[in-house]
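The values are calculated or read from the model by the stated rules, or taken from the named source; none is laboratory data. What you are looking at is a predicted structure, and each value in this text was computed from that prediction instead of being measured. Every residue, glycine as well, gets a Cβ built from its backbone with ideal geometry; the counts of neighbours run over all protein chains shown. Only protein heavy atoms, including side chains, enter the accessible area calculation; ligands, DNA and RNA are left aside. Shrake-Rupley method; radii C 1.70, N 1.55, O 1.52, S 1.80 Å.
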Amino acid sequence: MSDLPPTLPPKELLILELLAARGPLHGLGMVEESGGRLKRGTVYVTLGRMEAKGFLVSEQEPPNPSAIGLPRRIYRVTGLGERMLSAWHNFKKELAWAGR
Amino acid sequence: MKMPGDWLLAIARALLDQAIVSDVVEPTIADLRAEWLRADSNRVARLRSRVRGYLAFWSLLAMSPFVFRRWPGRTPGVPFWQIQRSHEMRWRTRIQLVTVLLIVGLAGGYVVGRVRPPLYQSSAVLKLVPSNVPGFLTGNVENLGARLRSTGNIVASRTRLERLITDFDLYPRERQSWIMEDVVQKMRNDLDIDEGPGGTFVIKYTGTHPKTVLKVTEKVASIFADERRREQERTADDSMAFLESRIDETGARLQRISAEAVQNKGALSRPRQLELEAVEASYKNLLMRREDALAAVNAESRQLGEQFVLLDAAQLPEQPIGMSPFTYTLLGGVAGLDLAIVIMLGVWLWRLLRERRADLARRRALAQG
């Protein structure tokens, strides 16, 4: 089982695409950019999983004087994430070619 | 400035693992606060951000038993996609279990609904018509409930029901394999005699053939009326016979004492004199009661006493009663779902206990060495 590669569910793919297109974002930013496809209640669960898979890294926002009391996390794609996204696009292209 | 979400955070910290709180809950609440601040003084926008944040939090908490059971921070050393895959498999198994049991339940309910014969019910209403002669003549002092009980017991007796079962060829399949006492008991269960409003009572019989149901109900209603009349006549006759024997006995005693008085030329001892007076009074009383009893017997024979009259005759049932095959199918489906939930809960509990035990063993091993 350990030989199996990580999977890429649709929501994770969407997040990778968003981050690749817009650069580092925090969870709320992704929810807003996704046009309703990502939800506030689940976005950090998905982000946590992607971070555990090594597709993303997060860092805390620098402390803000307006102080909302909690640090926010900014997420960006790792090299593995970029490779996964690119592999996925290639895979899709291959499938599209094979379907002709 | 007071920020929203403090108490949500406190709840999350109390209920969830620290890794989950910092990875998921804190960023969610931070987003709620950021959106809330961005809304500035717009009350509607602030309320909307609050509602969204709260919904997000509660949905997180609701799914936490499933989503966070094996969060990365809690299971070090295991590649996360393996955990995700095992979760997916577990969910697939659960969905399969629910689907299979739901289909089996629906099919079972449908089959039961189709195989089970439809039940028909017919009812007749009888009314207790009061006596045309004064009560003291007929001696009717019981209430309707007591009459129903006494007559109902006779109607529902084994002899009566056995005759009905044979006459109408009821429960043919049961009679082949059951003993008669059980068949009679089944008939008792299918026969319902209830007190209704305004001195009425309802006889209901439930069976599988509409025409037979109608005939049995009519028959039971007629037996009920006849039996009550016969019972009253019997009671009146019994009372009469008892009074006659008492009168004969008391008359003989009176004659003996009177003869003794004649022998002694009218002189009797004081105790005997008192006895004579008592026997005379008793004899007189018995004679008066015999007159009443005679009137009662007469009234019963002319059907002037209270009696049961058929108010609503039994009707041929048109529609079966009870649940339709569709309801059986639905119930089967619900039963299947319930079973699936019970199995899933059982497995979940079993896994939880197993994990707890393993966790305890790990801690003990760490503590020892």
The number of residues in segment A:25-41 that are at the interface with another protein chain (Cβ under 10 Å from one of its Cβ atoms) and either among the β-branched types (Val, Ile, Thr) or open to solvent by 30 Å² or more (accessible area, probe 1.4 Å) (or both) is 5
All positions within segment B:14-47 that are open to solvent by 80 Å² or more (accessible area, probe 1.4 Å), part of a helix (DSSP H, G or I) and more than 12 Å from every other protein chain (Cβ to nearest Cβ): B:Ala14, B:Leu15, B:Gln18, B:Arg43, B:Val44, B:Leu47
Based on this model, can you work out whether B:Ala278 counts as in contact (Cβ under 8 Å) with a residue 60 or more places away in the chain and assigned to a helix (DSSP H, G or I)? no
Quick check on my filter: what residues within segment A:12-24 are away from chain B (no Cβ under 12 Å) and under 9 Å from the mean Cα position of the chain (by Cα)? A:Leu13, A:Leu14, A:Ile15, A:Leu16, A:Glu17, A:Leu18, A:Leu19, A:Ala20
Check segment B:203-214 and report whether any residue there is open to solvent by 10 Å² or more (accessible area, probe 1.4 Å) and under 18 Å from B:Ile154 (Cα atoms). yes
